[in-house]
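**Q** Have a look at this one before I ask anything.
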Amino acid sequence: GDAPDNQVTLCESCHEKLHKGLIAEKDFKKRKRKSTRDATFMGIMRKTLMQRLCSELPIPVIETRGYITKATREKLLVLPKSHTNDALAIAQGKQGFNVGYLPEIAQIDKIYTIRPVRHHNRQLHKATILKGGIRKSNQTEKYVFGYCLFDKVQFNGQDCFIWGRRTTGIFTIKTINGKMIKDGISF
């Protein structure tokens, strides 16, 4: 196909060698593209996140753009690129302020962690077909004993999330970062 992921750029010499059969396609290194999954997720969640921040924080919350952040970080603060420095540049706001004022910034006591999760198993049926041509469903009911996938639960005083569930009421629980806490815990 002619999709960008399927193409490779060749110099004249390599192009001729390819047509003469001296080199094969498998000899070419395809450039791997960086995933844009995180950017896509933020594009989807941006409006919701802004509404939550505006309603829960006592300070004004506004959106900014990457080019504004970069200009503030490089020109006003004269700092190298890093997540921390970008956050500092974003906190400057429209007008910016004196860097000596930084210790006076009021800190909030909340940290928001958002993680994209699937809602269903995309495979609707089991791969093997039963006798009589019956296809067995591969999806668990939405609620199993009152719990659904990614519900927040507490186990031994620790906040966890349901990552796996079986119709028998056995669950897999993990932290929001995906660290396994318990596999095979009963409801």
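**Q** Using 0.36 nm per residue, how much length does the chain from Asn177 to Cys54 gain when fully extended, once their Cα-Cα distance is taken away?
**A** Numbers: separation 123, 0.36 × 123 = 44.28 nm, distance 2.56 nm.
Gain on stretching Asn177 to Cys54: 41.7 nm.
**Q** With each label point set 7 Å from Cα along the Cα-Cβ vector, what nm distance links Cys148 and Ser13?
**A** 6.1
**Q** Can you tell me the convex hull volume per residue for segment 34-75, based on C-alpha atoms, in Å³ to the nearest whole number?
**A** So the per-residue hull volume is 89 Å³.
**Q** Report, in whole Å, the centroid distance computed from the Cα atoms of segment 123-156 and segment 47-61.
**A** 36
**Q** How far apart, in nanometres, would the label points at Thr40 and Ser186 be if each is projected 7 angstrom from Cα along the Cα-to-Cβ direction?
**A** 4.1
Since every read-out is calculated from the coordinates, none of them should be taken as a lab result. Computed from a predicted structure; not experimentally measured. Counting neighbours? That spans all protein chains shown, and the Cβs are built from the backbone with ideal geometry, glycine included.
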